[in-house]
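Remarks on the structure that follows.
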Amino acid sequence: MKDTIYSINGPVVTVRDTDSFGMMEMVYVGNAGLIGEVIHVSDDRTTIQVYENTTGLSVGEPVKGTGAPLSATLGPGIMENIFDGIERPLGEIAEKNGAFIATGVHVSSLDETRKWDVTVTVKPGASVRGGDVIATCPETSIITHKSMVPPDVSGTVIWAAEDGAYTVTDPICKVKTPEGEEKTLCLAQRWPIRVPRPVQDREVIGRPLITGQRVIDTLFPIAKGGVAAIPGGFGTGKTMTQHQLAKWCDADIIIYVGCGERGNEMTQVLNEFRELEDPKSGKPMTQRTVLIANTSNMPVAAREASIYTGITLAEYYRDMGYDVAMMADSTSRWAEALREISGRLEEMPAEEGFPAYLPSRLAAFYERAGCVKNLNGSTGSVSVIGAVSPQGSDFSEPVTQNTKRFVRCFLALDKSLAYARHYPAINWTISYSEYYEDLDPYYIANVGEDFCKMRGRMLGLLSEENKLMEIVKLIGSDVLPDSQKVTLEVARVIRVGFLQQNAFHKNDTYVPLSKQMWMMEAILHLYDRAVELVGAGVPVSAMSEAGLFDKLIKVKYEIPNDKPEMFGQYNQELDAMCAELLEKQKPLNAAKAEGK
Amino acid sequence: MAMEYLGLSDINGPLVAIDGVENASYEEMVEIKTKDGVRTGRVVALEGKRAVVQVFAGTNGLTLSGTSTRFTGEPMRLALAPEIVGRIFNGAGEPIDGLGPVFASRFDDINGSAINPVSRSYPRNYIRTGISSIDTLITLIRGQKLPIFSGSGMSHNKLAAQIVRQAKLSGEKTENFGIVFCAMGVTKDVAEYFRRSFEESGALSRVTMFLNLSSDPIIERILTPRCALTAAEYLAFEQNMHVLVVMTDMTSYAEALREFSSSKGEIPGRKGYPGYLYSDFASLYERAGVIEGREGSVTQIPILTMPNDDITHPIPDLTGYITEGQIVLDRYLDQQGIYPPISVLPSLSRLMKDGIGKGFTREDHADVSNQLFASYAKVSDARGLASVIGEEELSTTDKLYLDFGNHFEHEFLGQGADEDRTIDQSLDLGWRLLSILPREELERIDEKVLEQHYGKH
């Protein structure tokens, strides 16, 4: 019997009295062949969520199964591309349909006509297992694509192609499995997006994801293979922070998922990345970037899938031995898509209308990040940085709270900092990173022995300031003793001169770890000298007037990243200023003593 | 061949159910004939042979037996022609100005389609509004969606009307500039205020109006912005016009949606609004933009009244997550008699950074704007302190901040409803105010720029 649509409600369609579909199977819905996925099966009806707009769909139109779960096509051609939530290339959709996205468009994920310059790395007779590399090709000028044996295949190679130009669907080698089955492998393979790609083992996390953003690298570091969340109300700079990380972090590959966000923002990423140079190779950034754009007005079910598509692509490149960073902007939109679908299914809602399985879905997603030993023995990592858009900027809402349980680095964006145009508006009192212990050995070995100690001192000063500000708010700063005023002044230097970072300044948009450390050192040096001066009776107001504090604030602009030796000069000048202040103070102190 | 079905099976709020329907399609239009006339509706759910239809004009007076329903097989389409400019339509897109029907050159689905992100071109041409605070601090960019967050009783309408009157593109001809005005649930007075203000400025002939007033059918309100945006997209992308869409009041729209959702028996999200409010808003707001290779653009200024002035209410909250910034009005400033009462700290224009500066406005624009924001943020600290320890006890710097704050609010924010300031005037004024503060307090500005401007205006 032919399976036909029985009911339609928004993106949810049901089929009655059928047993032809499996759970999570991908199906084509209606005459137009809209892509859908089976999300509920019972004896009398099968429920399907449709990844495209269902306007115009009729009861009685056919539903066809594909026999496979919703899968991503993995192969060369992913890099530099921009896909929608279910891995359809938007560029080709635009070519076919013009500026507006139509429904029922069928395009293959990867260009099937393009020939790749392939080097085949297996020989007949070799025994291969899942994950083994069968062929490589330069996917872009900076990324070498390694086509691998699908994780569920192993056996002996009975035929292998010569090196040469092949498309993603040309056979590369034939493998005879132990069961005697013959399998033809191509450059591309398919993998169900909701299933994590298998790995051999998890590795210990120990390398930081260097972002060039001071507040992150120094105060709240993210590890390669780690997970971080960036929650913040609208206008606090989530997207801006995500963009900065995507541009500057030292991962080999960036997967940027715009999940239910603005169309113009995706265009901006696209434009900027074309112009930006990859700091390592000097080639355009797009050559190591994949964009997945499911903007807020694109179908909601595909928004739900976009996160999984993104992480599947990330895992695929991880399997090749790359360090991959995935930015998901924003996971709240994904959670809301879950809520929307759940509402259409009339499931019993838990907190704020979100389905009860929200925490488990979040956990399963974030758990796919990690630093791993791949099936083929190489080491790779997937780091996930998810933006969270809490409703009403209230961090106690379910998505933020549940995300907090599964991430180890929490970079909370703060409205009042954003209002004061303190960017990145990461609030240092409520943010945290649990990666200190894992990463400290790296910092000590590669940046500086005192790095972690200095970070501790700086955090100490900031929290001291926080305490003092409570008093200042009540009675003003004039009544504080000079020893505390120094703390306030130096904390201001830390806030303005160190934590604030200007994404539009060429010296400041990216700062290497070494300069971060020099800056910290200079600030703490200033603090020590200022405390000494206070001890010698020099009033803090005199220090401010002399410009002792302001001098350091502009260091971030004035010293280029490649001239750390200029810090020595700064410190000398600072010392000279201190000596001068001390000299001036001496007669005053003497007079005071005489007066007594 | 369209079939007609006699009778209804169920009437509930704005929804009716019809049984025995064959081959109806989702979201198609239906015509329900009663003895008093024809009402239109839209299929909102299909289950087997039962179709649930949303009746735009409401179900008052409908009976189970006295109707016949025809399924048109088409989604709702709007009749479009270049001549729609200058016309007035009701919320469902039918002309109500007595000038007869539109001789349509095409009919477009009012739901529109998403613009493919790869086909968008990034908006970067600024629109001069002549309002200092907006031009300098929250610059409006062509193709942007920039809502006004207001509260009942504040001057959002006056502000929107002023923006429409004064909006200019530098060096552009005005012929290809159009306005689409979309009223949702506003009073007759408000609609009339806008009409008069367009008329006075001579813009009326360039305005296309879609009016769903507070007395009009509520369900029709859900269609109104879709009709207006379809018209705007047509004018922008087919007729090469730069279209400014003013939509007021989004709060009434969201309430209509909530009413519809609850009558459909959907599971509510926050504050009873449907779980898909975000997606629904997005399907409207994302229709702003510029498309590569086409000349026109759609810029949106949605206006919403925040219930109880609460910016965390779902309507402003979800709006802010979709739009590219927001202009927030402040009741305290309004009470001080400052017009426009724009609260600059929570206001933001996300697209401004690429549309200002050399070649667009003036080289020092970004510096002035950053510094004004940062300095004004310190004013509230100084004020807080002054209210505790008294103004006399403040340090000299804090006193200067108070002074700066007052001047900023009265001279920079405050301006006449007809005052049209150039960008140079606004920026120079900004420098004059910044020069009140000691030079070392201006830590956001490069030394060189300070040298050039500090104390020079």
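Readers should treat all values here as calculations from the given coordinates under stated rules, not as data from a laboratory. The structure presented is a predicted model; accordingly, all values stated were derived computationally and were not measured. Counting neighbours? That spans all protein chains shown, and the Cβs are built from the backbone with ideal geometry, glycine included.
If you take the beta carbon distance between B:Ser387 and A:Ser141 as r and set R0 to 56 Å, what does 1/(1 + (r/R0)^6) give as a FRET efficiency, to the nearest 0.05?
0.35
Going by average Cβ neighbours within 10 Å, how do the peptides A:233-244, A:422-433, A:249-260 rank, with the highest at the top?
In descending order of packing, they fall as A:249-260, A:233-244, A:422-433.
What base-10 log of the normalised intensity I(q)/I(0) is obtained for chain A from the Debye formula, alpha carbons as equal point scatterers, at q = 0.09, 0.10 Å⁻¹?
With no solvent term, the Cα-only Debye profile gives -0.77, -0.91.
Taking each pair of distinct Cα atoms in chain B once, what is the resulting Kirkwood hydrodynamic radius in Å?
Its Kirkwood hydrodynamic radius stands at 23.8 Å.
Measuring from label point to label point, each 7 Å out along Cα→Cβ, what is the B:Ser214 to A:Arg190 span in nm?
5.7
So, with +1 on the Cβ of K and R and -1 on the Cβ of D and E, and no other charges, what is the size of the charge dipole of the stretch A:451-595 about its Cα centre, to the nearest 20 debye?
420
Extent of the stretch A:297-411 along each principal axis, from alpha carbon coordinates, in Å, largest to smallest?
45, 28, 24
Using square roots of five times the C-alpha gyration tensor eigenvalues, list the equivalent-ellipsoid semi-axes of the stretch A:451-595 in whole Å, biggest first.
28, 19, 12
Averaged across the residues of B:44-54, what count of C-beta atoms belonging to other chains lies within 10 Å of each residue's C-beta?
Across B:44-54, the average partner-chain Cβ count within 10 Å equals 4.
What is the Cα coordinate range of the protein assembly as shown on the first, second and third principal axes, sorted by size from largest, in whole angstrom?
Here the Cα extents, ordered largest to smallest, are 110, 86, 50 Å.
What GluC sites (Glu not before Pro) does the stretch A:164-198 have in DSSP loop regions with at most 15 other beta carbons within 10 Å?
Within the stretch A:164-198, the qualifying GluC sites (Glu not before Pro) (loop, at most 15 other Cβ atoms within 10 Å) are A:Glu179, A:Glu181.
Checking the cross-link filter: which lysines have an alpha carbon closer than 25 Å to that of A:Lys115, excluding same-chain neighbours under 8 positions apart?
A:Lys96, A:Lys123, A:Lys146, A:Lys174, A:Lys183, A:Lys283
Using only atoms on other chains, find how many Cβ atoms lie within 10 Å of each Cβ of peptide A:465-478 and report the average.
Per residue, the average neighbour count from other chains is 2.
Compute the distance from the alpha-carbon center of the stretch A:300-323 to that of the stretch A:115-151, in whole Å.
After rounding, the separation between the Cα centres reads 20 Å.
Which order results if A:Lys174, A:Lys592 are arranged by neighbouring Cβ count within 10 Å, fewest first?
The order, fewest Cβ neighbours first, is A:Lys592, A:Lys174.
Using the 10 angstrom Cβ neighbour count as an exposure proxy, how do A:Asp438, A:Asp575 rank, fewest first?
Listing A:Asp438, A:Asp575 from fewest to most nearby Cβ atoms yields A:Asp575, A:Asp438.
Listed highest first by mean packing, meaning other Cβ atoms within 10 Å per residue, what order do B:156-165, A:63-72, A:213-222 come in?
Going from most to least packed, we get A:213-222, B:156-165, A:63-72.
Once label points are set 7 Å from the Cα along Cα→Cβ at both A:Trp159 and A:Thr66, what is their separation, rounded to one decimal in nm?
The answer from the label model is 2.7 nm.
Per residue of A:264-276, count partner chain C-beta atoms within 10 Å of its C-beta, then hand back the mean as an integer.
Counting other chains' Cβ atoms within 10 Å and averaging over A:264-276 gives 5.
Please give me, ordered by residue number, the GluC sites (Glu not before Pro) of the stretch A:1-84 that lie in loop per DSSP and have at most 13 other Cβ atoms within 10 Å.
Counting only loop positions with at most 13 other Cβ atoms within 10 Å, none of the GluC sites (Glu not before Pro) in the stretch A:1-84 qualifies.
For the cross-link pairs A:Lys238/A:Lys467; A:Lys473/A:Lys515; A:Lys238/A:Lys473; A:Lys238/A:Lys453; A:Lys453/A:Lys551, which exceed 31 Å when the distance is taken from alpha carbon to alpha carbon?
From A:Lys238/A:Lys467; A:Lys473/A:Lys515; A:Lys238/A:Lys473; A:Lys238/A:Lys453; A:Lys453/A:Lys551, over 31 Å: A:Lys473/A:Lys515.
Pop the C-beta distance of B:Lys271 and A:Ser42 into the FRET formula with R0 = 35 Å and round what comes out to the nearest 0.05.
It comes to 0.60.
If r is the Cβ-Cβ distance from A:Ala363 to A:Leu588 and R0 is 45 Å, what FRET efficiency results, to the nearest 0.05?
0.10
How about the stretch B:293-369: which trypsin sites (Lys or Arg not before Pro) there lie in a loop by DSSP and see at most 15 other Cβ atoms within 10 Å?
B:Arg294, B:Lys358
Test of understanding: what is the full-extension gain from B:Ala417 to B:Gln452, defined as 0.36 nm times their sequence separation minus their Cα-Cα distance?
9.4 nm
What distance in nm separates the two pseudo spin-label positions at A:Thr429 and B:Ser262, each 7 Å out from Cα along the beta-carbon direction?
3.9
What is the order of A:Lys2, B:Lys271, A:Lys176, fewest Cβ neighbours within 10 Å to most?
So the ranking, lowest neighbour count to highest, is A:Lys2, B:Lys271, A:Lys176.
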